[in-house]
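Novice: Just passing along the structure, written as structure tokens.
None of the figures in this text is laboratory data; all of them are computed from the coordinates on show. Being a predicted model, the structure only gives us computed values, none of them experimental. Cβ placement follows ideal geometry from the backbone for every residue including glycine, while neighbour counts extend to all protein chains displayed.
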Amino acid sequence: MKKQILYFLPLLAVVAVSSCKKDDEDQGKSIPPATIQFVFTSDAHYGITRTNFQGGANVDAHVVNAAMIAQMNTLPDLTLPADGGVNAGKKIGTVDYVMEAGDIANRMETSANVQIAAASWAQFKIDYLQNLKLKGQNNQPAGFMMVPGNHDVSNTIGYYATMSPLTDASSMAEIYNLMFKPSLLKTAATYSYNGDRINYSRDIAGVHFCFIQMWPDSSVRIWLNADLQNVKATTPVVIVAHDQPAVVSNHFTNPNGDHGINNTDKFDNVLDEHFKDGTSASLAGTIEQRAFAAFLKQHPNVRLYLHGHTHESKFYTWTGPDNDVSLSAISADSPMKGLVSLPDETKMTFLFAALDPATMKVTFRECLWNTDPTKPATPIKWGNAITVDLKK
């Protein structure tokens, strides 16, 4: 697989607001493909509380996510930093898409008194689907793409710790409805986990985005291989998933006994593939990761992997268990469980991306949206940034 080229950009200061003027000298010239701009976030985790947020204690996820959405709505009036990345120094103006990488509803464990998935989805719908006011270049609401997370799946199929109710497929059913728009909408009662899988693709500005359920295990790779048959080898491919490339082992299906979900083996069964590296969920999933690395070698145009689950805004390169592949990977922070931002709420982030179809470069920038918790309206600050060359 070809090596990815990453451009790291420095920490920058407070966002400035400016206006954009059309250059009359460009009139009469051929119009290049428009840059596509989008937001990437993950792990909203409705149903739990955050220990501290903007002066409050034990603040509900509905409040925290609503505050983040309010800051996202300020993006069009902001100007990107002069950092050398795509659209550097330009006013944002429009946001074409919002991408969410799963765990909408937190797992409904009774020990934590977590609300049902149906209630979590209702709150998510208000914050993300009703109160998000971003618009694209066509002056229509920003397109919304999402994938489910392990909590969404566990709420659907069950979990080895006690949940109440034992299952609630509401968030999975609603994600399916939002992405596939079936003529007869799915409900928690009619959603079929085995039949209604959430794998789909979108062509955006010359890039093929594959949105997959959880992680590219052997089952998902069957879908990916079929989908990529219709994609030119020169077309860059981006995978959007919940789990990181170095997938956690307990997400696989239990290899023991009747392969069920139980408190002894502690496999979540949120991936179809049976764990092959042994009988314990604490072992590294080397065999499974090698299979994904082999898939990448067969599809060298897979250039970028976006994911949630790790609850951290991070730019890195995944090299596989044998250091024989090079895949650019980007993860998103969680507003409720941030590895860095939970102990320090001033570090809460979502990611803003600008994709240039002419150069096939995409720049991701951290949006630090809660830098002064005593003043919630404090403008977003730009944090770390990275530019990925999707052609290399």
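Novice: Taking 8 Å as the Cα distance limit and 6 or more residues as the minimum spacing, I'd like the relative contact order of the range 233-343 as a percentage.
Specialist: After rounding, I find 26 percent.
Novice: While we're here: Treat each spin label as a single point 7 Å out from the Cα along the C-beta direction, and report the Ser164 to Ala82 distance in nm.
Specialist: Here the answer is 6.0 nm between the modelled labels.
Novice: Assuming R0 = 35 Å, can you tell me the calculated FRET efficiency for the pair Leu185 and Ile222, based on Cβ-Cβ distance, to the nearest 0.05? Present the calculation step by step, with values, prior to reporting the outcome.
Specialist: Numbers: r = 27 Å, r/R0 = 0.76.
Between Leu185 and Ile222 the formula returns 0.85.
Novice: Taking 0.36 nm per intervening residue step and subtracting the Cα-Cα distance, what contour gain separates Ala57 from Asn230 on full extension?
Specialist: Fully extending the segment from Ala57 to Asn230 adds 57.2 nm.
Novice: Can I ask one more? Any chance you could list P(r) for the range 310-381, counting all Cα-Cα pairs in 5 angstrom bins from zero, rounded to whole %?
Specialist: Answer for the range 310-381: a P(r) of 4, 15, 18, 19, 16, 13, 9, 4, 2, 0 percent.
Novice: Looking only at Leu78, Leu134, Leu368, which one moves most when the chain is put into a Gaussian network model with springs between Cα atoms under 10 Å?
Specialist: Ranking Leu78, Leu134, Leu368 by mean-square fluctuation puts Leu78 first.
Novice: Normalised by the number of residues in the chain, what is the relative contact order in percent for Cα pairs under 8 Å and 6+ residues apart?
Specialist: With pairs under 8 Å counted, the relative contact order is 22 percent.
Novice: Taking the C-alpha atoms of the range 211-269, how large are the radius of gyration and the largest Cα-Cα span, Dmax, in Å?
Specialist: 14.8, 47
Novice: Could you sort out which of Lys314/Lys392; Lys276/Lys337; Lys232/Lys361; Lys266/Lys347; Lys91/Lys181 sit more than 25 Å apart by Cα distance in this structure?
Specialist: Check vs 25 Å cut-off fails for Lys276/Lys337; Lys266/Lys347; Lys91/Lys181.
Novice: Mind jotting down the distance between the C-alpha centroids of the range 95-147 and the range 311-349, whole Å?
Specialist: 20 Å
Novice: Rounded to a whole number of µm²/s, how large is the Stokes-Einstein D of the chain at 37 °C and 0.692 mPa s, given Rh as the Kirkwood radius over C-alpha pairs?
Specialist: Once the numbers are plugged in, D ends up at 152 µm²/s.
Novice: Another one. Considering amide H positions built from the backbone, and no H for Pro or chain starts, which residues 5 or more places from Glu109, or on another chain, come under 5 Å of its amide H?
Specialist: Val114
Novice: Which FRET efficiency, nearest 0.05, do Leu339 and Thr374 yield, Cβ-Cβ r, R0 25 Å?
Specialist: 0.60
Novice: Once the Cβ-Cβ distance between Lys266 and Thr317 is put in as r, and R0 is 25 Å, what FRET efficiency do you end up with, to the nearest 0.05?
Specialist: Once rounded, the FRET efficiency stands at 0.25.
Novice: Hey, got the Cα dimensions of the range 268-392 along the principal axes, in Å, largest first?
Specialist: The Cα atoms of the range 268-392 stretch 51, 42, 22 Å along the principal axes, largest first.
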